[in-house]
Amino acid sequence: MPKHVENLRGNPVALPIRLDRWLWAARFFKTRQLAIDAINAGRLDINNERAKPARTIKIGDVLLLRKPPYVFHLLVKSLVEKRGSALIARGLYEETTQSIASREQLVREQRDLPPPLFKGRPTKQDRRAIQKFERYAGDGESHARTVRDDE
């Protein structure tokens, strides 16, 4: 196994590369901490095994990344240590056609959904209506007078 791999710019990159760092460099997450949190939450598998943030990856690894509501099936094509432009980041991996198709289908389904009923922060009147609903419907008991058979 070589001790160095060249990145897309031709610069040598020392092996191994941490998973959280690669995900950040490939622009799946804005910060490494967000990548670490996703990995610790179990949203990433490498070659059908649960991953840890410090796990090293290599070219040819298959990643399954779940970023709700989307699921990405990726093949690692290149390794880099530093975050580059979006064009360079796109060259670090190859996404399966099935993954792309399922994501596009999900986008179409979400586009067809009706708009949300509530927009933004509830007004004082809305908040009181919600509290009233929770007070009377939340405890599971009926507040209406029940009629017994012996009456």
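Just so you know, all these numbers are worked out from the coordinates, no wet-lab data involved. Everything quoted here is computed from the prediction, not taken from an experiment. Cβ placement follows ideal geometry from the backbone for every residue including glycine, while neighbour counts extend to all protein chains displayed.
Taking the charge dipole of the stretch 35-129 about its Cα centre, with +1 at Lys and Arg Cβ atoms and -1 at Asp and Glu Cβ atoms, the residue from Ser85, Gln98, Thr56 reaching farthest to the positive side is Ser85.
Extension gain, Arg55-Glu81: 0.36 nm per intervening residue step, less the Cα-Cα distance, totals 7.9 nm.
For the listed residue pairs Lys67/Lys124; Lys52/Lys77; Lys30/Lys52; Lys30/Lys58; Lys30/Lys119, the alpha carbons are over 30 angstrom apart in Lys67/Lys124. With contacts taken as Cα pairs under 8 Å at a separation of at least 6 residues, the stretch 46-137 carries a relative contact order of 18 percent. Applying Stokes-Einstein at 25 °C and 0.890 mPa s to the Kirkwood radius of the stretch 10-106, computed over alpha-carbon pairs, gives a translational diffusion coefficient of 182 µm² s⁻¹.
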